[in-house]
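Peer 1: My questions will all concern the structure given below.
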Amino acid sequence: MEKNLAFKELIAIAVGGMVGGGIFTILGIAVSMVGVLAPFAIALGGVLAFLAAYSYVKLGIYYKDEGATYAFFKRTYPRSHLAASFIGWYTIFGYISTLALYAYTFSAYALSSLSLEALWIQKVLALGILWLFTAINLWSVKGMGKLEDIMVYSKLIILLVIALVLGYYGKTDLDTFTQTLALDWQHTSFMSIMIVASVTFVAYEGFQLVINAVNEMEIPEKNIPKAIYSAIFLVALFYFIIAMGAVLAISTQELIVNKEDALAAGAYNIMGTWGKNFVILGAILATSSAISGTMFGSSRQMARIAEDGYLPKQLSYRKNHIPHYSIMTMSLTASLLILAGGLELILEFGSITFLLVSLLMAIANFNIRKKTNSSTPFTLIAIAGLMLGTLFILYYEYQTKPEQLLFIIGLYALLSLGAWSYAKVQKVL
């Protein structure tokens, strides 16, 4: 197979998968829970992502399997059809939910500049951008990689400029901010900070997409850890700078009320129309590259699961190494989620799913830690951190949105039924 993806394409895929709709959605939630401590809590989510990434990197180098999450678990526990099927179904649907989120966020920002807020128009535009990147991913791996380079590095420059401008023109001086920070620290529980870090985890989801490209990358032993760790550090730094600029420039109340539109609204108040449009451009690039990167990596994982018989065999079909049917199936399912609405719920589902799956990866890595040359103490710390993160977000759902938690449980029940059915078929075979 031709090795089309070098380090810069790999880091673009990872950053593209992470910096999507997440930062625009979680900022208002974070500020409502912990005030101006939000930038620090969001950065703490990066630490959680690093704990998760450690096992992914070790397993990725050891197995060198584009199936990533699914394949690692299956190969670590080769006798358990049920475990392989369950983790495959959960992971794929988690990716599908993020595709829907990114597409919907794209449409919300794109239409905000035109003052068009009709729900049906947002959904039509979301479907349009989703299927545009479906076509691009079906067209060419190399073409997708080059386009991802342009979008990712452009959006990072734009988002950095936005953060610096917000911080420079912000109404809050350093002394006032320091005093507010001290007050929020006194009145904010550690649990609240950890809940924000846990909810933030979905905004870091995407680093593992690098491993899905193992068959198309140069020197996996070097590029997997280099790309993943660099991407997490870069994204955590950008999230911190963006969040800090937002809390300095935009009132707490405005951040809470406007939520994902808060950056655009704040930029408009400070810089006028051009500032708002500049933020919108950054959001459009962020969500576009996230759609492309997520679709690229997760479709290959879906094809890998289908090859093993835990999804319909037709999904494993490839043309020029591109999994055509997997790409189209993911896009179709994400389209149904967009039409159904409730993307805030899907966002919470994504956080829970990826925390849970990352916890299972850490446990798998611990079981073969000698083979992967992993540190026992650090792997145990990762397991503890990810377990606490999962419990924190479940507690948050129970306390604030119990009916949403029930819906998520129901969704897991349906996925579990499908996974169990395919596992049973494989056991018979």
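The values are calculated or read from the model by the stated rules, or taken from the named source; none is laboratory data. Just so you know, these numbers come straight off a predicted model, no measurement behind them. Ideal geometry is used to build each Cβ from the backbone, glycine not excepted, and the neighbour counts take in all protein chains shown.
Peer 1: Checking the conditions here, which among Thr372, Thr353, Thr376 is under 29 Å from Tyr104 (Cα atoms) and among the β-branched types (Val, Ile, Thr)?
Peer 2: The match here is Thr353.
Peer 1: Yes or no: Val34 touching a Leu at 6+ places or on another chain (Cβ under 9 Å) and closer than 18 Å to Gly245 by Cβ? Talk me through it step by step, then tell me what you get.
Peer 2: On the way: touching a Leu at 6+ places or on another chain (Cβ under 9 Å): no; closer than 18 Å to Gly245 by Cβ: yes.
Answer is no for this residue.
Peer 1: Within the group Leu415, Leu391, which residue is without any contact (Cβ under 8 Å) to a residue 24 or more places away in the chain, surrounded by 13 or more Cβ atoms within 10 Å (Cβ to Cβ) and not β-branched (Val, Ile, Thr)? Write out each step before concluding.
Peer 2: Numbers: Leu415 fails: without any contact (Cβ under 8 Å) to a residue 24 or more places away in the chain.
Of Leu415, Leu391, the one residue that is without any contact (Cβ under 8 Å) to a residue 24 or more places away in the chain, surrounded by 13 or more Cβ atoms within 10 Å (Cβ to Cβ) and not β-branched (Val, Ile, Thr) is Leu391.
Peer 1: Ala334: modelled with pLDDT of 90 or more, among the small types (Gly, Ala, Ser) and out of contact with any His (no Cβ under 8 Å at 6 or more places or on another chain), yes or no?
Peer 2: Numbers: modelled with pLDDT of 90 or more: yes; among the small types (Gly, Ala, Ser): yes; out of contact with any His (no Cβ under 8 Å at 6 or more places or on another chain): yes.
For Ala334, the condition - modelled with pLDDT of 90 or more, among the small types (Gly, Ala, Ser) and out of contact with any His (no Cβ under 8 Å at 6 or more places or on another chain) - is met.
Peer 1: If you check Gly410, Gly389, which single one turns out to be under 22 Å from Gln208 (Cβ atoms), of a type outside the set (A, V, I, L, M) and part of a helix (DSSP H, G or I)? Give the derivation first.
Peer 2: Details: Gly410 fails: under 22 Å from Gln208 (Cβ atoms).
Being under 22 Å from Gln208 (Cβ atoms), of a type outside the set (A, V, I, L, M) and part of a helix (DSSP H, G or I) holds for just one of Gly410, Gly389, which is Gly389.
Peer 1: From Leu311, Leu360, Leu332, Leu337, grab the single residue that is of a type outside the set (Val, Ile, Thr) and free of Cβ contacts under 8 Å to residues at least 60 places away in the same chain. If you could, list the steps in order and put the result at the bottom.
Peer 2: Values: Leu311 fails: free of Cβ contacts under 8 Å to residues at least 60 places away in the same chain; Leu360 fails: free of Cβ contacts under 8 Å to residues at least 60 places away in the same chain; Leu337 fails: free of Cβ contacts under 8 Å to residues at least 60 places away in the same chain.
None of the others qualify; the one that does is Leu332.
Peer 1: Exactly one of these conditions fails for Tyr70: (1) surrounded by fewer than 23 Cβ atoms within 10 Å (Cβ to Cβ); (2) out of contact with any Asp or Glu (no Cβ under 6 Å at 6 or more places or on another chain). Give me its number.
Peer 2: Condition not satisfied by Tyr70: (1).
Peer 1: Which is surrounded by 23 or more Cβ atoms within 10 Å (Cβ to Cβ) and either in a helix (DSSP H, G or I) or not β-branched (Val, Ile, Thr) (or both), of Ala110, Ala41?
Peer 2: Details: Ala110 fails: surrounded by 23 or more Cβ atoms within 10 Å (Cβ to Cβ).
So the residue among Ala110, Ala41 that is surrounded by 23 or more Cβ atoms within 10 Å (Cβ to Cβ) and either in a helix (DSSP H, G or I) or not β-branched (Val, Ile, Thr) (or both) is Ala41.
Peer 1: Just for helices (runs of 4 or more DSSP H) wholly inside segment 121-213: which have at least 1 residues that are farther than 25 Å from Pro225 by Cα and modelled with pLDDT under 75?
Peer 2: Working: elements: 141-169, 174-187, 190-204.
Output list reads 141-169, 174-187.
Peer 1: Then there's this: Is there a residue being free of Cβ contacts under 8 Å to residues at least 40 places away in the same chain, assigned to a helix (DSSP H, G or I) and surrounded by fewer than 24 Cβ atoms within 10 Å (Cβ to Cβ) anywhere in segment 24-37? Don't jump to the end; show me each part of the working.
Peer 2: Kept after step one, since they are free of Cβ contacts under 8 Å to residues at least 40 places away in the same chain, are these residues of segment 24-37: none.
Among the residues of segment 24-37, not one is free of Cβ contacts under 8 Å to residues at least 40 places away in the same chain, assigned to a helix (DSSP H, G or I) and surrounded by fewer than 24 Cβ atoms within 10 Å (Cβ to Cβ), which makes the answer no.
Peer 1: Right, next: Every residue in segment 73-93 that is surrounded by 24 or more Cβ atoms within 10 Å (Cβ to Cβ) and not aromatic (Phe, Trp, Tyr), please.
Peer 2: Hits for segment 73-93 are Lys74, Ala84, Ser85, Ile87, Gly88, Thr91, Ile92.
Peer 1: Assess whether Ser374 counts as being over 24 Å from Gln404 (Cα atoms), touching a residue at least 40 places away in the same chain (Cβ under 8 Å) and either touching a Gly at 6+ places or on another chain (Cβ under 8 Å) or surrounded by fewer than 23 Cβ atoms within 10 Å (Cβ to Cβ) (or both). Talk me through it step by step, then tell me what you get.
Peer 2: Values: over 24 Å from Gln404 (Cα atoms): yes; touching a residue at least 40 places away in the same chain (Cβ under 8 Å): yes; either touching a Gly at 6+ places or on another chain (Cβ under 8 Å) or surrounded by fewer than 23 Cβ atoms within 10 Å (Cβ to Cβ) (or both): yes.
Taking the combined requirement at face value, the residue satisfies it.
Peer 1: Search segment 73-97 for residues that are without any contact (Cβ under 8 Å) to a residue 40 or more places away in the chain and pair each with any residue that is surrounded by fewer than 23 Cβ atoms within 10 Å (Cβ to Cβ) and among the aromatic types (Phe, Trp, Tyr) when their beta-carbon atoms are under 9 Å apart and the residues are at least 6 apart or on different chains.
Peer 2: The qualifying pairs are Arg75/Tyr63; Ala83/Tyr77.
Peer 1: Considering only segment 214-233, state which residues are in contact with a Leu (Cβ under 9 Å, 6 or more places away or on another chain), part of a helix (DSSP H, G or I) and buried (at least 17 other Cβ atoms within 10 Å of the Cβ). Quick ask: steps written out before the conclusion?
Peer 2: Taking segment 214-233 as the starting set, the residues that turn out to be in contact with a Leu (Cβ under 9 Å, 6 or more places away or on another chain) are 216-218, 223-224, 226-228, 231.
Going one step further and asking which of them are part of a helix (DSSP H, G or I), we end up with 216, 223-224, 226-228, 231.
Those that are in contact with a Leu (Cβ under 9 Å, 6 or more places away or on another chain), part of a helix (DSSP H, G or I) and buried (at least 17 other Cβ atoms within 10 Å of the Cβ): Glu216, Asn223, Ile224, Ala227, Ile228, Ala231.
Peer 1: Determine whether segment 353-360 contains at least one residue that is polar (S, T, N, Q), at pLDDT 90 or above and closer than 24 Å to Leu99 by Cβ.
Peer 2: Residues of segment 353-360 polar (S, T, N, Q): 353, 358.
Retained after the next criterion (residues that are at pLDDT 90 or above): 358.
Okay, now just the ones that are also closer than 24 Å to Leu99 by Cβ, so 358.
There is at least one residue in segment 353-360 that is polar (S, T, N, Q), at pLDDT 90 or above and closer than 24 Å to Leu99 by Cβ.
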